[in-house]
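**Q** Mind looking over this structure? Questions follow.
Nothing in this text is a laboratory measurement; each read-out follows from the coordinates by a stated rule. Just so it is clear, the structure is predicted and the values come from calculations on it, not from any experiment.
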Amino acid sequence: MRHLINTADFTIDEIKEIFANAAHYKAGDISLSLQNRLIITIFFENSTRTRSSFEVAAKRLGAEVVSLDVSKSSSSKGETLFDTAANLDAMNPDAIIVRHQDAGVPKILSNYVHCPIVNGGDGAHGHPTQALLDLFTIMENFPDPEGKKIAIVGDIKNSRVANSNIELLSRFGLDITLVAPPHFMPRISAYRKTHYIQEVIDDVDIIMSLRTQTERHTNQIYASLKDYASDFCISKTLVGDRDIMIMHPGPVNRNIDIDDALLADPRSKILEQVKNGVFVRMAVLENLICR
Ligand code: CP
């Protein structure tokens with residue numbers, strides 16, 4: 001039984017095969033390989049992209065999808081998370097996609113079910129399919145990403161997207177610089193770090209901006225997000241005419257993370273990331289369910 005909890009659950013060869021399949025799907029070469037399969041989504045945290053992307057991906061491959069509305073589930077009557085998972089598992093799904101505000105929940109649930117668990121984001125720990133779709137999008141622009149320089153900018157310490165991308169992108173040879181204020185900088189030491197985006201702007205091929213994860217802050221760090229933005233917003237003025245690929249996992253805080261002018265610029269690949277997410281998740285589901 002395979003689960004996808006971390007990006008490290010897939011080898012480089014498996015990821016290349018997933019990307020090849022995703023590229024076929026993107027080219028329109030789609031078969032109903034998940035017909036008669038059932039996929040359940042349980043999102044204990046809000047989502048615009050990930051949940052809908054998984055559901056679209058499953059349906060494009062012919063699967064049935066059931067989405068548990070957590071606010072109307074028996075969690076509110078005292079049912080434990082584990083009993084919820086065991087009861088859904090008793091309906092014999094082919095995969096369960098889970099998002100939870102607490103790190104580690106998808107991993108723990110994988111011990112209670114008989115089908116693949118896919119981590120749709122757990123606390124500040126991991127968001128493996130986001131990192132996979134990010135790398136797929138990078139490789140559309142840089143087919144050989146080894147040595148390409150990427151600045152990951154923002155609330156890195158509280159970001160599951162950053163965690164998953166750091167593991168995955170470093171395995172594919174990207175040269176990562178972490179750009180954040182002291183409070184948002186993780187303690188990991190293996191990467192170049194700076195508090196000033198201006199120090200790396202002339203030297204990067206890609207900027208991945210991150211949202212400030214205010215829901216994970218135990219106390220207010222900035223007087224206002226505008227104060228943060230004055231140092232860390234990626235603006236069209238900052239980027240100038242440099243040939244830099246601009247990424248963001250969403251949701252974007254406009255003019256805090258990236259300014260309106262740069263979001264509208266063709267160097268911004270944010271909606272391409274969302275589009276690619278469906279194809280990458282199709283390939284991930286097929287890999288986990290059909291292999
Ligand atoms: N990128 C991402 O996880 O977005 P959602 O929170 O909308 O799913």
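**Q** Lysine pairs, Cα distance under 17 Å, 8 or more residues apart or cross-chain: how many in the chain?
**A** Count of close lysine pairs: 12.
**Q** Let me ask something additional. Take the chain, connect every pair of alpha-carbon atoms lying under 10 Å apart with a spring to form a Gaussian network, then pick out the residue of 82, 19, 279 with the largest mean-square fluctuation.
**A** 82
**Q** Of all DSSP beta bridges located in the chain, what percent are antiparallel, nearest 5?
**A** 5
**Q** Rounded to the nearest 500, what is the 222 nm mean residue ellipticity of the chain from helices alone, with -39500 (n - 2.57) per DSSP H run of 4+ residues and division by all residues?
**A** It lands at -10500 deg cm²/dmol.
**Q** Mind checking Rg over Rh on the chain, alpha carbons, Kirkwood formula for Rh?
**A** Using Cα coordinates only, the ratio equals 0.97.
**Q** Also: Just the Cα atoms of the stretch 129-268: what Rg and Dmax do they give in Å?
**A** When restricted to the Cα atoms of the stretch 129-268, Rg and Dmax are 13.9, 42 Å.
**Q** On to the next question. To the nearest 10 degrees, how steeply does helix 128-141 sit against the main Cα axis of the chain, on a 0 to 90 scale?
**A** 50
**Q** What is the stretch 30-79 by shape, rounded, prolate or oblate, if you read a ≥ b ≥ c off the alpha carbon gyration tensor as root eigenvalues and call it rounded for a/c under 1.5, prolate for a/b larger than b/c, and oblate otherwise?
**A** Oblate, since a/c reaches 1.5 and b/c is not below a/b.
**Q** Kindly express, to the nearest 10 degrees and within the range 0 to 90, the angle between helix 160-171's C-alpha long axis and the longest C-alpha principal axis of the chain.
**A** Result, in degrees: 80.
**Q** Still on this structure, please answer the following. Please determine, in degrees from 0 to 90 and to the nearest 10, the orientation of helix 270-290 with respect to the longest principal axis defined by the Cα atoms of the chain, where the helix direction is its Cα long axis.
**A** For 270-290 against the chain, the angle is about 30 degrees.
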